[in-house]
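Worksheet: the structure to be examined is printed underneath.
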Amino acid sequence: QVQLVESGGGLVQPGGSLSLSCVDPGSIFSIGYMAWHRQPPGKQRELVASITSGGITYYADSVKGRFTISRDNAKNTMYLQMNSLKPEDTAVYYCYGTLGRTQAWGQGTQVTVSS
């Protein structure tokens, strides 16, 4: 019922950068919790980073220092800035949001890090 819209995925060389965006068209999660998850090939989906409505952030150890999560509640948009990308970052990246009993996922956007 509630859907998020992702963009920004693509092919990038190791050491390069990408920025992902996630838009909440229904403005549901501006006061909720949002996160980026990813699913590498052959692996389970894992939490990459999260951000509360108040801007408190969390990062998985594997991306700490390289990725930055942020949100602009006025634009109903969450971002993931990915720097110093490694081949191990290759995955389908998913946007997630939740508020109370309402939750939603994006469709996923492919990020491929390869030379």
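The values are calculated or read from the model by the stated rules, or taken from the named source; none is laboratory data. Since the model is a prediction, treat every value here as computed from it, not as a measurement. Glycine also receives a Cβ, built like all others from the backbone with ideal geometry; neighbour counts cover every protein chain displayed. For accessibility, only protein heavy atoms count, side chains too; no ligands or nucleic acids. Shrake-Rupley method; radii C 1.70, N 1.55, O 1.52, S 1.80 Å.
Miscellaneous remarks
- Here the condition is being under 25 Å from Gly16 (Cα atoms), surrounded by 17 or more Cβ atoms within 10 Å (Cβ to Cβ), without any contact (Cβ under 8 Å) to a residue 12 or more places away in the chain and of a type in the set (Phe, Trp, Tyr); of Tyr79, Tyr59, it holds for Tyr59 alone.
- Residues in the stretch 17-26 that are among the small types (Gly, Ala, Ser), open to solvent by less than 60 Å² (accessible area, probe 1.4 Å) and within 17 Å of the chain's Cα centre (by Cα) were compared, and the one that is nearest to Tyr94 (Cα to Cα) is Ser21.
- Of the listed requirements (1) within 13 Å of Gly106 (Cα to Cα); (2) surrounded by fewer than 16 Cβ atoms within 10 Å (Cβ to Cβ), Trp36 misses just one: (2).
- Identity of the residue in the stretch 63-82, more than 21 Å from Gly108 (Cβ to Cβ) and assigned to a loop (DSSP other than H, G, I, E, B), that ends up farthest from the chain's Cα centre (by Cα): Gly65
- Scanning the stretch 83-115 for residues that are among the hydrophobic types (A, V, I, L, M, F, W, C) and either part of a loop (DSSP other than H, G, I, E, B) or open to solvent by less than 30 Å² (accessible area, probe 1.4 Å) (or both) yields a total of 6.
- Subset of the stretch 62-74 (residues that are of a type in the set (D, E, K, R) and either on the phi > 0 side of the Ramachandran plot or surrounded by 13 or more Cβ atoms within 10 Å (Cβ to Cβ) (or both)): Arg66, Arg71
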